[in-house]
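The values are calculated or read from the model by the stated rules, or taken from the named source; none is laboratory data. In this text the structure is predicted, and so the values were computed from the model without any measurement. Virtual Cβ from ideal backbone geometry, glycine too; neighbours counted across all protein chains shown. Side chains included, ligands, DNA and RNA excluded: accessible areas come from the protein's heavy atoms. Shrake-Rupley method; radii C 1.70, N 1.55, O 1.52, S 1.80 Å.
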Amino acid sequence: MTEIASWMRAAGDPGRLRILAICAEKPANVAEIAKILTHSSPLTSHHLKALLTVGLLEKRRRGRRVEYSVPKAGAASDWVRGALVQVDSNDRHWQRDRDSLRRLTSDSVAKRHGSADFSRIDRALLA
């Protein structure tokens with residue numbers, strides 16, 4: 001199977017396409033993505049693994065958190081961004097996902113700022 005065919009197969013599920021859109025907007029962890037999609041964490045992890053396996057996502061550890069994002073450069077990055085350009089930016093589901101991501105991000109930073117489970121790296125990045 002060609003690389004592009006494997007990308008199309010992996011991104012063919014609507015939930016996975018939404019994950020790509022979320023992770024193209026900003027890095028997110030499993031809990032954030034699951035909450036936005038209203039999926040369980042195991043189902044979200046399953047989708048993330050499929051997207052990671054074919055190279056459409058990359059993961060990065062930040063303290064205890066693992067964040068997923070679309071690669072910044074390369075063929076996979078170009079393919080994801082090209083696919084997402086084809087989606088109507090006024091689609092209510094995509095707008096709701098973006099709004100939920102913004103709310104979750106600001107809420108989680110506010111809750112975790114200064115808490116004991118906030119890593120030194122996270123505190124330094126916020127400062």
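Here are some notes:
- Check on residue 102, open to solvent by 70 Å² or more (accessible area, probe 1.4 Å) and closer than 24 Å to residue 121 by Cα: yes
- Count - residues of the stretch 76-91 that are open to solvent by less than 60 Å² (accessible area, probe 1.4 Å) and not in a helix (DSSP H, G or I): 2
- When residue 73 is tested against (1) assigned to a loop (DSSP other than H, G, I, E, B); (2) surrounded by 13 or more Cβ atoms within 10 Å (Cβ to Cβ); (3) modelled with pLDDT under 90, just one condition goes unmet, and that condition is (2).
- Restricting attention to the stretch 55-70 and to residues that are under 16 Å from residue 22 (Cβ atoms) and part of a loop (DSSP other than H, G, I, E, B), the residue that is farthest from the chain's Cα centre (by Cα) turns out to be 56.
So that you can scan it fast, the table gives a plain yes or no per residue for (1) open to solvent by less than 90 Å² (accessible area, probe 1.4 Å); (2) in contact with a Leu (Cβ under 8 Å, 6 or more places away or on another chain); (3) without any contact (Cβ under 8 Å) to a residue 24 or more places away in the chain; (4) under 19 Å from residue 97 (Cβ atoms):
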residue: 15; (1), (2), (3), (4): yes, yes, no, yes
residue: 18; (1), (2), (3), (4): yes, yes, no, yes
residue: 21; (1), (2), (3), (4): yes, yes, no, yes
residue: 24; (1), (2), (3), (4): yes, yes, no, yes
residue: 36; (1), (2), (3), (4): yes, yes, no, yes
residue: 40; (1), (2), (3), (4): yes, no, yes, yes
residue: 48; (1), (2), (3), (4): yes, yes, no, yes
residue: 52; (1), (2), (3), (4): yes, no, yes, no
residue: 59; (1), (2), (3), (4): no, yes, yes, no
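- Verdict on residue 92 being farther than 27 Å from residue 5 by Cβ and in contact with a Ser or Thr (Cβ under 7 Å, 6 or more places away or on another chain): no
- Helices (runs of 4 or more DSSP H) wholly inside the stretch 1-51 containing at least 2 residues that are more than 14 Å from the chain's Cα centre (by Cα): 3-11
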